[in-house]
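Worksheet for the structure shown next.
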Amino acid sequence: MMMRRNSLLLLLLIVVLGSSCKFKVKDGLNWDQNLVAPLLKSRVGLEDALKDTTIVQTNSDNSLTVVFRDTLVSLALSDYLVVPDTSYSAKITLSTIKLATDTLTQDITMGQILRQLCEDGQTIACSLYAQQGQTILFMPPLPNLSSDDVPIDASSFFDEADLLTGWMVVEIENQLPLNITSVTFHLRNAGLLTDTLVRKTLGPIGPGQTVSDSADLAGKTVESAMAAKLEDIDIAGGGNFVMDTNAYLRLRIIVKDLTASRATAVFPAQRVLDDYSRINYRFDNGVEITRIKSKTGFVRLQATSTLQDTIEFTYSLPTAIKNGQPVSIQGRLVPDLGSGVATANINFELVDYYIDMTLNGDSINLFPYHLIGDLLYSGRKNTMDLSDSIDVTYGLEGIVPAYIEGYLGQSTFNFKDTINFSFFNSILGGSLDLRNPKVKMTIDNSIGVDGELTVRQMDAINNRTGQTVGLTGTLMSSPTEVRGPRLPNVGQTISTPIILNQSNSNIRPFISLLPDEIRFDMDVLVNKNGNPALRDNFATDQSKIAAYLDIEVPLDGITNNLWLQDTVDIDVSNTTLPKGVEDGKLKLVGSNQFPFDARVQVLFVDQNGAVFDSLFNTGPAFLPAGQVNANGYVDNPGKGELVAAFDQPRFTMLKQRGTKAIMRFWLNTQPANQHVKIYTTYGIDFYLVGDFRYHVGS
């Protein structure tokens with residue numbers, strides 16, 4: 001039982017007479033005088049004896065009840081479902097970037113062919129050239145003809161490129177009135193006659209016909225200055241046609257799908273990245289989400305580029321909708337011509353977005369995304385090789401749902417813990433048989449699933465006495481069904497109460513043990529009745545399954561040598577005893593309104609925790625119980641005068657060593673074995689009186 005600390009300090013500072021008290025006497029006159037000094041007045045009620053008065057409730061009749069609540073189970077959405085972070089990477093190098101597609105067209109006319117032959121000394125060619133517009137009855141074959149070099153200038157597109165891939169398509173269109181038996185196309189870099197890039201022979205080609213062939217340019221080094229030539233042209237003879245020197249043989253060269261390991265070029269605008277894919281979440285316990293609303297989360301995109309052209313990104317989440325608009329994020333990698341490196345960091349916050357995870361109703365747990373990267377045309381020649389790249393990392397991080405819907409799977413969660421029940425910590429021994437303790441376990445469920453609670457073990461533990469009482473009864477013998485709300489009742493809480501009383505459990509000895517701990521081990525089966533096909537489960541970030549233990553103990557019982565204790569600090573080191581005090585008594589005059597006999601002791605403790613003295617050195621002093629009337633109420637307090645003898649050495653020892661005082665009370669119900677209520681008006685009033693023998697004179 002805890003006395004008020006200021007009262008206890010007064011109790012111990014019995015030397016309040018102090019050295020300042022002085023008596024004027026005649027010289028040589030001596031006598032002994034008893035001094036009765038009231039030292040303190042105090043009251044101790046049951047509230048002072050109990051550690052946690054915040055859980056003591058005063059009833060309308062002023063009787064006392066312990067009301068206690070603690071949480072046994074708390075299972076929230078964040079405990080049940082974690083949306084994992086996702087991260088994807090893409091690397092774009094020069095090998096995936098295309099050079100410009102180009103087409104070159106060159107015509108070789110009949111007039112050019114005949115003039116060249118005429119200049120070479122073939123007189124028939126001169127004659128044919130002179131017959132422009134006339135009908136030619138016969139023309140002999142013209143074999144082994146060759147065109148001049150046709151210069152190809154690609155410098156507006158590139159200076160040089162080491163090609164990884166690429167194709168050249170060669171088309172020859174015959175608009176001459178004669179058949180072309182065969183023709184060889186030859187393309188080379190202009191610098192060296194032997195640096196052949198492509199050599200293809202085509203034919204035959206009839207009048208008005210076009211033939212084509214393609215050549216693989218992979219592994220070739222292409223320069224901006226090239227030369228094309230038609231070699232070994234064989235024109236079949238013929239006649240009966242009108243000579244038209246403007247008739248032509250047309251050469252068309254198409255270069256396409258060029259990629260390079262190294263290039264100095266003007267790169268065309270092109271799409272370098274087009275990743276339309278989906279995140280396929282795999283949750284534990286078979287969870288299937290159809291709809292989710294984000295509470296927090298981020299779309300993150302980080303990109304670095306050493307390319308010297310600007311890259312524009314668009315990252316979209318087509319099924320993440322807010323205010324009717326899907327997520328669409330844009331950013332640019334603008335080249336730093338100084339460092340040669342461009343960077344972009346995009347963080348887009350996903351708050352209050354509704355996300356359809358069914359991909360239009362066809363699936364579950366899917367989160368589609370679309371990442372586009374476009375290289376923008378700059379018109380500048382840039383030199384790049386395979387060491388240059390665009391590195392992109394993108395994904396979703398920190399997604400915390402505010403709401404989910406679907407099938408939440410089925411899983412079992414174990415809860416094993418100990419509740420600290422400090423209310424009875426002041427009771428160190430003895431027993432208290434409580435008449436009618438009331439215990440209720442309440443299970444609140446606002447998650448849209450049904451569940452089941454299985455209590456494997458629940459023990460009341462009194463560490464002060466080393467005793468344990470295990471709970472028995474219907475709660476322990478079978479699982480308890482826990483109902484949950486149904487759509488569309490989002491936000492509804494369904495409570496399942498479980499009452500423990502003396503008819504269905506051993507709750508009376510369980511609580512009468514006066515435990516300081518309650519240890520439990522229980523399982524919660526979530527979604528016991530869930531149907532994956534319906535996908536009608538739901539939860540919000542505020543939803544939870546929680547089990548609370550409510551204990552209501554009216555202080556109505558039988559005490560048997562109930563031992564209460566409390567420790568308080570004292571400090572009498574600076575106190576001075578008055579001269580002349582030879583010995584004396586401390587009288588504790590008590591008035592006990594409790595229906596308990598009380599045995600009282602005060603122990604004095606030094607700084608090392610050792611007990612060196614007690615107030616009553618012959619053992620605890622007795623204070624009788626108050627008498628209970630016919631209405632069960634104490635109206636006649638028990639009274640007593642508890643006397644302790646103190647001499648000057650004991651006072652000196654207390655002054656030198658005293659640091660703490662331990663207050664101990666042993667209580668027994670009177671009449672014995674009869675339940676009694678405790679009221680707020682009950683308490684022990686006491687006076688501490690010092691009765692000293694004081695020697696006056698020399």
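Computed quantities for the displayed model
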{"item": "Among residues of segment 149-172, those that are not in a strand (DSSP E or B) and not aliphatic (A, V, I, L, M), counted", "result": "4"}
{"item": "Search result, residues across segment 53-85 that are part of a loop (DSSP other than H, G, I, E, B) and either within 28 Å of Leu386 (Cα to Cα) or open to solvent by less than 20 Å² (accessible area, probe 1.4 Å) (or both)", "result": "Leu81, Val83"}
{"item": "Filter result for Gln410 (at pLDDT 95 or above and open to solvent by 40 Å² or more (accessible area, probe 1.4 Å))", "result": "no"}
{"item": "Output for segment 598-633, where each listed residue is surrounded by 13 or more Cβ atoms within 10 Å (Cβ to Cβ) and not hydrophobic (A, V, I, L, M, F, W, C)", "result": "Arg599, Gln601, Asp606, Asp613, Ser614, Pro620, Pro624, Gly626, Gln627, Gly632, Tyr633"}
{"item": "Filtered residue count, segment 634-661, keeping only those that are open to solvent by 70 Å² or more (accessible area, probe 1.4 Å) and charged (D, E, K, R)", "result": "5"}
{"item": "Residue count, segment 235-251 (criterion: open to solvent by 40 Å² or more (accessible area, probe 1.4 Å) and in a strand (DSSP E or B))", "result": "3"}
{"item": "Some residue of segment 130-140 being over 19 Å from Ser212 (Cα atoms), in a strand (DSSP E or B) and open to solvent by 60 Å² or more (accessible area, probe 1.4 Å)", "result": "yes"}
{"item": "Residue pairs meeting the criteria (Cβ under 8 Å; at least 6 apart or on separate chains; first at positive phi, in segment 515-540; second outside any strand (DSSP E or B))", "result": "Asn527/Leu408; Asn527/Gly409; Asn527/Gln410; Asn527/Val449; Asn527/Asp450; Arg535/Ile364"}
{"item": "Count of residues meeting criterion [under 29 Å from the mean Cα position of the chain (by Cα), over 26 Å from Pro532 (Cβ atoms) and either loosely packed, with under 14 Cβ neighbours inside 10 Å or of a type in the set (A, V, I, L, M) (or both)] in segment 359-391", "result": "1"}
{"item": "Those residues of segment 284-309 which are open to solvent by 30 Å² or more (accessible area, probe 1.4 Å) and assigned to a loop (DSSP other than H, G, I, E, B), in sequence order", "result": "Thr306, Gln308"}
{"item": "Which numbered condition Glu481 misses (of (1) open to solvent by less than 70 Å² (accessible area, probe 1.4 Å); (2) assigned to a strand (DSSP E or B); (3) charged (D, E, K, R))", "result": "(1)"}
{"item": "Matching option when the condition is farther than 16 Å from Thr296 by Cα, assigned to a loop (DSSP other than H, G, I, E, B) and of a type outside the set (D, E, K, R), among Gly379, Gly331, Gly406", "result": "Gly379"}
{"item": "Residues of segment 428-478 that turn out to be assigned to a loop (DSSP other than H, G, I, E, B), under 22 Å from Leu514 (Cβ atoms) and open to solvent by less than 10 Å² (accessible area, probe 1.4 Å), as a count", "result": "1"}
{"item": "The listed residue being within 30 Å of Ser389 (Cα to Cα) and either open to solvent by 10 Å² or more (accessible area, probe 1.4 Å) or outside any strand (DSSP E or B) (or both), out of Ile254, Ile279", "result": "Ile254"}
{"item": "Residue count for segment 590-641, restricted to those that are over 30 Å from Asp61 (Cα atoms), assigned to a loop (DSSP other than H, G, I, E, B), within 60 Å of the chain's Cα centre (by Cα) and small (Gly, Ala, Ser)", "result": "2"}
{"item": "Residues that are in a loop (DSSP other than H, G, I, E, B) and open to solvent by 70 Å² or more (accessible area, probe 1.4 Å), drawn from segment 208-217", "result": "Gln209"}
{"item": "Options Ser389, Ser378: the member that is in contact with a helix residue (DSSP H, G or I) (Cβ under 9 Å, 6 or more places away or on another chain), of a type outside the set (Asp, Glu), closer than 30 Å to Ile97 by Cβ and modelled with pLDDT of 90 or more", "result": "Ser389"}
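Conditions (1) in contact with a Gly (Cβ under 6 Å, 6 or more places away or on another chain); (2) closer than 30 Å to Arg664 by Cα, marked per residue:
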| position | (1), (2) |
| --- | --- |
| Glu481 | no, no |
| Val526 | yes, no |
| Asn537 | yes, no |
| Gly557 | no, yes |
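The values are calculated or read from the model by the stated rules, or taken from the named source; none is laboratory data. Note that the coordinates shown come from a computational prediction; the quantities given were computed from them, not determined experimentally. Because the Cβ atoms are built from the backbone with ideal geometry, glycine has one as well, and the counts that use them run over all protein chains shown. Please note that ligands, DNA and RNA were not included when accessible areas were found on the heavy atoms of the full protein model with its side chains. Shrake-Rupley method; radii C 1.70, N 1.55, O 1.52, S 1.80 Å.
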